[in-house]
Amino acid sequence: MKISFPSNFKWGVATAAFQIEGAWNEDGKGESIWDRFCHTPGHIERSDTGDIACDHYHRYPEDIKLMQSMNIPNYRFSVSWPRIYPNGKGAVNQNGLDFYNKLVDTLLKAGIEPWITLYHWDLPQALHDEGSWPERKITDYFTTYAETMAKALGDRVKNWMTFNEPWVVSFMGYHEGVFAPGETSEKRALQTAYHLMLAHGKAYSAIKSIHSDARIGFTHNYLHYHNLGRDEKSAQLINYKQHESNGIFLEPVSLGNYPEIVLEQNANAPTVHPDDLKVMNQYDFIGIQYYFDVLVANGEWSFDKPFPIYKRTEMGWPVTPVGFYESIMSFATEYQVKDIIVTENGSAWPDTLSPEGNVFDDDRQHYLIDHLYQLRRAMDDGAPVSGYFAWAFMDNFEWKHGYRPRFGLVYVDYGSQKRHIKESGHLFSKIIQEKGFECIV
Ligand code: FCB
């Protein structure tokens, strides 16, 4: 039986600036909150940093060649804001613009369509010091930065994502304190979430006014809560969490509302202005990013409690492909998203490089196939999904876990910076060429 995808379906791979570029202080780049976070002891496993990462800043021509050899038609990457504005605002660093200009031109020459994320977490440290995302004025600085990028690249780049995973930015960065900038205030987290969506709307208008043919969205890590305990306490928790984790981002952008339940039940909720909701309520597509279900039992949710029935990745995340189907269906029905693109999906496993330079990553291949199968099921059931981007093109800096977890379709030997296509990379390339895969039933 063949599982096939439409011929205009957009296949691609994704990365993010901080995770691959390196060159953290070269050619006039400013410091980001992730540079500061990594350089402060105790935050990152083995004290890894993004200083060199995959050295993509210098090796991008080879990386693009490799992508081309894998038949990859679309590439999602992010722009480092402090490379463009070392202080977040004020004078533009021409070297930064030059880098992304060259990157885009090289991609287009290779027949690869660029998809840009403007914010994949590396806020200029200078703007953090000025008050950070909880202060409303930052939405103007972000809009100016978006405008600058649209003017510089919008003649060639048609696909834009304002923010990557605003939930992670707000809650992991400002509430849980485990990601940069490492704060622990629920109030500031919810204020951040509100300003991110406001900045999304403002940037949407700004980019459109420069290039009306641009297609603009943001990407959301859908938190799919699974009531493993099937208990009432968990059901109640999920009912609230669904809105706090997904509703506060998807509702304003897709439906023009802010979830009432959060305003009623959380004293730290922001003040919502109706005019802001109008600004937020603009998009052409919304990216869904899915890795695993959040398991809930006895009224407690957890990312990494060992529920033994699930196979776990190197991140400790359970493998739950059916949750991917359900998440996409919720995007389509509950939030009525009119164009959905899977902008990230993938898994980390303890890969080993054979002496011949191969990586036989069966687990990653199974994960890929199982998730594509569920994606196709959601499309059959009416979900308007137009693309799938695998995370990640190559192994990279996995935030607080440093270089231990490997998510790539391409293996990176960090010592020599040599790249090796994994078996999953060859498989993905074949799926793209054949617009699907054979399934033995
Ligand atoms: C997502 C991030 C991405 C990567 C994957 C594994 O939350 O957007 O940068 O770290 O997880």
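The values are calculated or read from the model by the stated rules, or taken from the named source; none is laboratory data. Just so it is clear, the structure is predicted and the values come from calculations on it, not from any experiment. Note: ideal-geometry Cβ built from the backbone for every residue, glycine included; neighbour counts use all protein chains shown. The area values use the complete protein model at the heavy-atom level, side chains included, leaving out ligands, DNA and RNA. Shrake-Rupley method; radii C 1.70, N 1.55, O 1.52, S 1.80 Å.
Table for the structure above
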{"quantity": "Tally of residues being more than 15 Å from the chain's Cα centre (by Cα) and either over 14 Å from residue 191 (Cα atoms) or assigned to a loop (DSSP other than H, G, I, E, B) (or both) across segment 163-179", "calculated": "3"}
{"quantity": "Some residue of segment 279-296 being of a type in the set (Gly, Ala, Ser), crowded, with 21+ Cβ neighbours inside 10 Å and over 18 Å from residue 233 (Cα atoms)", "calculated": "yes"}
{"quantity": "Selected residue [assigned to a helix (DSSP H, G or I), within 16 Å of residue 12 (Cα to Cα) and away from the ligand (no atom under 16 Å from the Cβ)] from 433, 374", "calculated": "433"}
{"quantity": "In segment 168-178, residue farthest from residue 134 (Cα to Cα) [restricted to those that are surrounded by fewer than 21 Cβ atoms within 10 Å (Cβ to Cβ) and of a type in the set (A, V, I, L, M, F, W, C)]", "calculated": "178"}
{"quantity": "Selection count, segment 391-426, where residues are surrounded by fewer than 18 Cβ atoms within 10 Å (Cβ to Cβ) and in a helix (DSSP H, G or I)", "calculated": "4"}
{"quantity": "Index of the failed condition, residue 135 passing every other in (1) in a loop (DSSP other than H, G, I, E, B); (2) open to solvent by less than 10 Å² (accessible area, probe 1.4 Å); (3) not basic (Lys, Arg)", "calculated": "(2)"}
{"quantity": "Filtered residues of segment 19-35 (kept if crowded, with 17+ Cβ neighbours inside 10 Å and away from the ligand (no atom under 15 Å from the Cβ))", "calculated": "22, 23, 24, 29, 30, 31, 35"}
{"quantity": "Test result for residue 226, more than 24 Å from residue 117 (Cα to Cα) and under 23 Å from the mean Cα position of the chain (by Cα)", "calculated": "yes"}
{"quantity": "Residues that are within 24 Å of residue 399 (Cβ to Cβ) and out of contact with any strand residue (DSSP E or B) (no Cβ under 8 Å at 6 or more places or on another chain), drawn from segment 142-179", "calculated": "170, 171, 172, 173, 174, 175, 176, 177, 178, 179"}
{"quantity": "Failed condition for residue 304, given (1) within 15 Å of the ligand (Cβ to nearest atom); (2) assigned to a helix (DSSP H, G or I)", "calculated": "(2)"}
{"quantity": "Condition met for residue 323 (out of contact with any Ser or Thr (no Cβ under 8 Å at 6 or more places or on another chain), part of a helix (DSSP H, G or I) and either open to solvent by less than 30 Å² (accessible area, probe 1.4 Å) or in contact (Cβ under 8 Å) with a residue 24 or more places away in the chain (or both))", "calculated": "yes"}
{"quantity": "Residue, nearest to residue 73 (Cα to Cα), within segment 420-441, restricted to residues that are touching a strand residue (DSSP E or B) at 6+ places or on another chain (Cβ under 6 Å) and of a type in the set (Lys, Arg)", "calculated": "435"}
{"quantity": "Verdict on residue 53 being of a type in the set (A, V, I, L, M, F, W, C) and either more than 19 Å from residue 152 (Cβ to Cβ) or in contact (Cβ under 8 Å) with a residue 24 or more places away in the chain (or both)", "calculated": "yes"}
{"quantity": "From the options 124, 114, 134, residue that is more than 16 Å from the ligand (Cβ to nearest atom), in contact with a helix residue (DSSP H, G or I) (Cβ under 6 Å, 6 or more places away or on another chain) and closer than 30 Å to residue 435 by Cβ", "calculated": "114"}
{"quantity": "Exclusive hit being open to solvent by less than 50 Å² (accessible area, probe 1.4 Å), more than 16 Å from the ligand (Cβ to nearest atom) and not aliphatic (A, V, I, L, M), set 144, 148, 184", "calculated": "148"}
{"quantity": "Number of positions in segment 345-371 that are over 25 Å from residue 1 (Cα atoms), within 16 Å of the ligand (Cβ to nearest atom) and open to solvent by 10 Å² or more (accessible area, probe 1.4 Å)", "calculated": "3"}
{"quantity": "Residues that are away from the ligand (no atom under 14 Å from the Cβ) and among the polar types (S, T, N, Q), drawn from segment 1-18", "calculated": "4, 7, 8"}
{"quantity": "Flag if residue 103 is within 16 Å of the ligand (Cβ to nearest atom), buried (at least 17 other Cβ atoms within 10 Å of the Cβ) and touching a residue at least 24 places away in the same chain (Cβ under 8 Å)", "calculated": "no"}
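Residue-wise test of (1) within 22 Å of the chain's Cα centre (by Cα); (2) farther than 30 Å from residue 271 by Cβ; (3) at pLDDT 95 or above.
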{"site": "62", "(1), (2), (3)": "no, yes, yes"}
{"site": "73", "(1), (2), (3)": "yes, yes, yes"}
{"site": "83", "(1), (2), (3)": "yes, yes, yes"}
{"site": "112", "(1), (2), (3)": "yes, yes, yes"}
{"site": "116", "(1), (2), (3)": "yes, yes, yes"}
{"site": "125", "(1), (2), (3)": "yes, no, yes"}
{"site": "151", "(1), (2), (3)": "no, yes, yes"}
